[in-house]
Amino acid sequence: MLTCAFLSCGSKGTDRNVASPDTGNAVTNTVSNTPEFNADSAYKYVDTQVAFGPRVPNTKEHVACGDYLISQLKSFGAETYVQEMTLRAYNGERLQARNIIGSYNLDNPKRILLFAHWDTRPYADHDPDLEKRRMPIDGADDGASGVGVLLEIARQINQKSPSAGIDIIFFDAEDYGPPAFDNTYYPGDWWALGSQFWSKNPHKPNYKADYGILLDMVGSKNATFFKEGISMRYAQQIVEKIWSTARDIGYGRFFINANGGTITDDHQYVISGRGIPSVDIINLVPENPNGFGMHWHTHNDSMENIDRETLKAVGQTVLEVIYKN
Ligand code: AHN
Ligand code: ZN
């Protein structure tokens with residue numbers, strides 16, 4: 001049981017007092033090993049990505065943002081790998097794409113994989129304004145938020161290493177699936193092209209991690225992270241660990257203790273291709289028609305919708321999970 005003293009402490013400060021679960025009423029003050037996630041820093045990483053413009057494959061904005069992400073990972077002391085690919089999209093287009101990878105503590109066989117997609121959707125195909133549906137979106141939440149949180153985590157890891165080795169992957173071409181306004185049937189798996197490629201051709205032969213965590217749409221105000229279906233099927237223990245950790249450190253209002261929808265996303269290919277049990281932390285809104293936030297694949301997916309509190313809830317929870325072992 002947690003004590004009131006702990007609950008009122010919340011998650012502020014680096015030396016949080018943690019109630020030991022086995023001491024009954026006596027609260028032992030142990031200093032947390034987990035670094036403090038800086039939400040202002042994460043917010044800036046999101047804003048910087050958005051400022052490049054939409055990060056759609058085969059555009060100069062996409063190339064420039066990719067270069068920025070590589071230089072950020074290098075500046076945070078990661079061993080970096082860039083996986084360059086030519087991918088075929090649903091419409092036959094050839095996409096010049098890059099998976100961007102940063103690793104820490106490479107000699108450690110105990111590894112945790114953290115990932116997010118960095119490309120943005122070429123269409124606002126769910127925008128209420130029909131005229132604007134063929135224009136690309138800012139993707140502040142859908143794309144930039146997960147990457148922003150992971151860049152801040154990389155900065156923290158560089159300052160103080162967790163006991164496990166960490167790999168961070170920014171997958172490309174996640175969001176180039178067929179648009180809703182195109183009624184053609186395109187048989188095949190057209191979402192998550194970068195992670196599909198990596199899962200068949202990992203940056204290191206036989207790459208393995210103990211488990212993976214995907215961050216997708218983790219920045220919008222009042223986000224709700226329901227337990228996603230594929231994650232529950234293949235990585236239930238990790239789901240429970242993440243959700244109970246979030247509750248313990250005061251973020252239960254974001255991490256809802258209930259099941260949500262089943263989502264085709266990058267984690268699916270990391271699970272099927274590499275056998276790494278992986279969890280998708282994704283904003284699911286069951287009462288909305290598409291199951292996501294109302295800004296999903298619209299022009300409202302912009303910086304105005306990004307809330308530091310949500311970035312903090314996700315970033316601090318993931319840090320707590322990777323530092324507590
Ligand atoms: C599909 O719409 C099939 N999957 C949602 C995955 C996604 C898109 N995540 C962000 N954008
Ligand atoms: Zn998307």
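So, in Å, what gap is there between the alpha-carbon centers of the stretch 159-174 and the stretch 48-105?
The stretch 159-174 and the stretch 48-105 have Cα centres separated by 15 Å.
Could you tell me which of rounded, prolate or oblate describes the stretch 32-117, using a ≥ b ≥ c as the square roots of the eigenvalues of the alpha-carbon gyration tensor, with rounded for a/c under 1.5 and, failing that, prolate when a/b is larger than b/c and oblate otherwise? Let's see the in-between values first.
Values: a/c = 2.40, a/b = 1.45, b/c = 1.65.
Cα axes put the stretch 32-117 in the oblate bin.
Using the Cα centre of the chain as origin and beta-carbon charges of +1 (Lys, Arg) and -1 (Asp, Glu), tell me which of S278, A223, H297 is placed farthest towards the positive end of the dipole.
Checking the options against the dipole of the chain, the answer is S278.
So what is the diffusion coefficient of the stretch 36-189 in µm² per second by Stokes-Einstein at 37 °C and 0.692 mPa s, using a Kirkwood Rh over Cα pairs?
Working: Rh = 16.4 Å.
After rounding, the answer is 200 µm²/s.
Of all alpha-carbon pairs in the stretch 271-325, indicate the percentage at a distance above 12 angstrom.
On the way: 1138 of 1485 pairs.
Tail of the P(r) past 12 Å holds 77 percent of the pairs.
Rounded, prolate or oblate: which fits the chain, taking a ≥ b ≥ c as square roots of the Cα gyration tensor eigenvalues, rounded meaning a/c under 1.5, else prolate when a/b beats b/c? Could you put the intermediate results ahead of the total?
Details: a/c = 1.74, a/b = 1.46, b/c = 1.19.
It comes out prolate by the Cα gyration axes.
K110: which aspartates and glutamates have alpha carbons under 14 Å from its alpha carbon, excluding same-chain residues fewer than 8 sequence positions away?
Those aspartates and glutamates meeting the cut-off are D167, D210.
Most mobile of V270, V82, V149 per a Gaussian network model of the chain (Cα springs, under 10 Å)?
So, out of V270, V82, V149, the one fluctuating most is V82.
Can you check how the C-alpha radius of gyration of the stretch 204-250 compares to 2.2 N^0.38 Å, as a plain ratio?
Output field value: 1.36.
Suppose a student asked you for the relative contact order of the chain, using Cα pairs under 8 Å spaced at least 6 residues apart; what percent would you report?
Relative contact order, the chain: 22 percent.
Measure nothing but the geometry: give the 0 to 90° angle between the long axis through the Cα atoms of 39-51 and the longest principal axis through the Cα atoms of the chain, rounded to 10°.
10
Around M232, with a cut-off of 15 angstrom between Cβ atoms, what is the net charge of the other residues, counting Lys and Arg +1 and Asp and Glu -1?
-1
Taking the Cα centre as origin and putting +1 on Lys and Arg beta-carbons and -1 on Asp and Glu beta-carbons, what dipole magnitude results for the stretch 53-97, to the nearest 20 debye?
It works out to roughly 100 debye.
With Cβ to Cβ distances under 13 Å as the rule, what net charge do the other residues near Y211 carry (K, R +1; D, E -1)?
+1
Could you tell me the relative contact order of the stretch 183-296? Use alpha-carbon pairs under 8 Å, at least six residues apart, and round to a whole percent.
Worked out over the stretch 183-296, it gives 38 percent.
Within a Cβ distance under 10 Å of E309, other residues only, what is the Lys/Arg minus Asp/Glu net charge?
Neighbourhood net charge equals +3.
Could you check how many percent of all C-alpha pairs in the stretch 173-303 are farther apart than 21 Å? It would help to have the intermediate numbers written out before the result.
Values: 3899 of 8515 pairs.
Pairs farther apart than 21 Å: 46 percent.
Name the lysines eligible as straight-distance cross-link partners of K227: C-alpha to C-alpha under 23 Å, and not fewer than 8 places from it in the same chain.
Filter leaves K241, K312, K324.
Would you be so kind as to identify which of N206, L87, F170 lies farthest towards the positive end of the dipole of the chain, taking Lys and Arg as +1 and Asp and Glu as -1 on Cβ and the Cα centre as origin?
The residue sitting farthest along the positive end of the dipole is N206.
For the Cα atoms of the chain, what angle does the longest principal axis make with the long axis of helix 60-75, in degrees from 0 to 90, nearest 10?
30
Let me check the size of the stretch 82-160 from its C-alpha atoms; what are the radius of gyration and Dmax in Å?
16.7, 53
Under a point spin-label approximation (7 Å from Cα along Cα-to-Cβ), what is the T86-S163 distance to one decimal in nm?
4.8
FYI, it's all coordinate maths here, none of it is from the lab. Only a predicted model underlies this, so the values are computations on that prediction, with no experimental measurement involved. Positions of Cβ are backbone-derived with ideal geometry, glycine not excepted, and every protein chain shown enters the neighbour counts.
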